[in-house]
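Participant: I am attaching a structure below and will ask some questions about it afterwards.
Just so you know, all these numbers are worked out from the coordinates, no wet-lab data involved. If you're wondering where the values come from, they're calculated on a predicted model, not measured in any experiment. Reconstructed Cβ throughout: ideal geometry from the backbone, glycine too, with neighbour counts over all protein chains shown.
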Amino acid sequence: MKGVSFSEEVKNELVNLQIENGDVEYEMAGFLKAKGGLVLESSGNYISVVLSSPFVARRLKKIISFEGSRSKILYTNQKILGRKQYKILISPNDLDDFLKRHGIDLNQLVELNLDFHDPERFGAFCRGLFLASGSVTDPKKSYHLEFFIKENTELFEKVRNHLYNIFGIKSRIIKNHNGARLYLKKGSDIVELLNSIGALRGAAYYQSIIEQRIIKSDVFRTINFISANANRTGQSSSQQIRAIELIQKTVGLDYLKSELRELAIARLQNSELSLRELGEILENKLPKSTVYNRMKKIIEIAKNIEKSEEK
């Protein structure tokens, strides 16, 4: 969809997932812990959740309806970053029973009182948390996924521990006067989290970008290695040719022993070859080490001739 960010694409994938009976309580808990607030009014008590996406708001309303409670969506006059806000009001017949079912403390809404030994349940919780307060950057730009919460930021300490203990995901927390951010910067950790919350298409896309970067990195490394080798070979070949030409000009190549003379002539005729390749074209093929040692002798002879001419 044109103009839709990668983060929105991931959320659109998540809101269209089938609602599972075993996960519904945990996904809703993620919503409530991220954006839930208790509203006490003379006309009745409500739980309010304010979201910035109508699709995410409808997802929460379906979840609430799925487990038998009543809710309604209101459009708020408040806009954040130019986007409308959608308020979901949960008005169950028995508020106390509703709060107990979902492990919500009236005095501290974000207290985490759920069993997360099952990875699927914790994944469902993180899905609700992400839909309500999360974002993820397109991996073509950078590797970054985060959750944001304004109040009771100690919740993130528990989430961070669960992420590591259950999925092996490492995350960090930054706190300031606005609230707290729990974020991931490692590509493989983000892929793991996206998979765990059910964003399989998003995770596959993320993984493909990571693999493309690895391939490009390997190609660039190989090119740089070949280029460096070619430069070294070229410099070495130039030094060898200068030495051979000096011998040829002063005392003649016949001055050299037959095995050195053969190598010298081969080098003059094949300046672009490496020492290994040079050894392979000789009448009696030689290993690179032998070619190297013989070439050292030729260069040494040239140096001695230079010294004698300077005297």
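Participant: How high is the FRET efficiency from ILE281 to ASN165, r the C-beta distance, R0 51 Å, rounded to 0.05? Walk me through the intermediate numbers first.
Facilitator: Details: r = 63 Å, r/R0 = 1.23.
Once rounded, the FRET efficiency stands at 0.20.
Participant: ILE209 versus GLU306, label points 7 Å from Cα toward the beta carbon: distance in nm?
Facilitator: Result for the modelled spin labels: 5.5 nm.
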